[in-house]
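Structure first, commentary second.
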Amino acid sequence: MWFAAAVGSAILFGLAGWWMKVSQMRSGSSTYLLLGLYISGTAGFGLHAAVEQNLAASLTDVRVWTAGLLIGAGSAFGNVLFMKALEYGPASLTSPLTNMNIVLVVALGTFIYNEPFQGTEFTGVLLLLLAVVLVSIRGREKLSVKQKKWFLYVGVSIVLFAVRNGGLKVTEGLGLAGAPVLFVSYALSILWFAYAAL
């Protein structure tokens, strides 16, 4: 079951990254795009938590709100910088590189939570790194990074997305359900983007 959820998540995040690039190429509003993303995410995680019957009880736990604030900040600001990076570089390179945060999360799981890092895990990380290298090889096409800011935006996005994904690992270690934490983090992000839209 977890594998199907992981594949579905990868598809959804991939589509979100693609729509972000489409919006940027058509001079769409990043603020409104991200506002829509976080409204739909809040609804989805709220529904998920309600089905799991842990939403109401979790909303009285201060740890859920604290984690939601930190994870939401990592997610929201990571996406803002990701959108900025898309302005200065190709999506086919920006998206895989920002997903390198997974390597940081694997390291967190291995060294802090003593999760196994054996052949299968090593192969997965190696394939991820190989995919980033292969995607960045463009043949005769020039690498279309317009300004050096792109490197800064991508680097900070990696760290912020690692806060988002690693934060979920930490909350799991604390015994907190993921869906309510994500519900709070996305709901708090709505406030930020609604304010920015105004």
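By the gyration tensor of its Cα atoms, with a ≥ b ≥ c the square roots of the eigenvalues, what is the shape of the chain: rounded for a/c under 1.5, prolate for a/b over b/c, or oblate? Please report the intermediate quantities before stating the final value.
On the way: a/c = 2.00, a/b = 1.22, b/c = 1.64.
Oblate is the answer for the chain, as a/c is 1.5 or above yet b/c matches or exceeds a/b.
Of all accessible surface on the chain at a 1.4 Å probe, what whole percent is carbon and sulfur? If you can, show how the numbers build up before the last one.
On the way: 8330 of 11650 Å².
The computed percentage sits at 71.
Is the stretch 150-198 best put as rounded, prolate or oblate by its Cα gyration tensor, with a ≥ b ≥ c the root eigenvalues, rounded for a/c under 1.5, and otherwise prolate when a/b is larger than b/c, oblate when not? Don't skip to the answer; put the middle values down first.
Numbers: a/c = 4.74, a/b = 1.18, b/c = 4.04.
In terms of gyration-tensor shape, oblate.
What length, rounded to one decimal in nm, is gained on full extension from S27 through to K149, with 0.36 nm per residue of separation minus their alpha-carbon distance? Can you show the working numbers first?
Working: separation 122, 0.36 × 122 = 43.92 nm, distance 1.91 nm.
The S27-K149 span can extend by a further 42.0 nm.
Any idea of the accessible area per residue across the chain, 1.4 Å probe, to the nearest Å²? Provide the component values of the computation, followed by the final result.
On the way: 11650 Å² over 198 residues.
Dividing the accessible area of the chain by its residue count gives 59 Å².
Nearest 0.05, what FRET efficiency do L15 and L191 give at R0 = 35 Å with Cβ-Cβ as r?
Working: r = 25 Å, r/R0 = 0.71.
After rounding to 0.05, the efficiency reads 0.90.
Could you compute the longest span of the chain free of trypsin sites (Lys or Arg not before Pro) located in DSSP loops and having at most 15 other Cβ atoms within 10 Å, not counting the site residues?
On the way: sites that count: R26, R138, R140, K142, K146, K148.
That would be 27-137.
For K146, go through the lysines and keep the ones whose alpha-carbon is under 28 Å away, minus same-chain ones fewer than eight residues off.
K21, K84
The values are calculated or read from the model by the stated rules, or taken from the named source; none is laboratory data. Everything numeric in this text was worked out from a predicted model, so none of it was measured. Note that we place each Cβ from the backbone using ideal geometry, even for glycine, and neighbour counts take in every protein chain shown. Note: areas computed on protein heavy atoms with side chains; ligands, DNA, RNA excluded. Shrake-Rupley method; radii C 1.70, N 1.55, O 1.52, S 1.80 Å.
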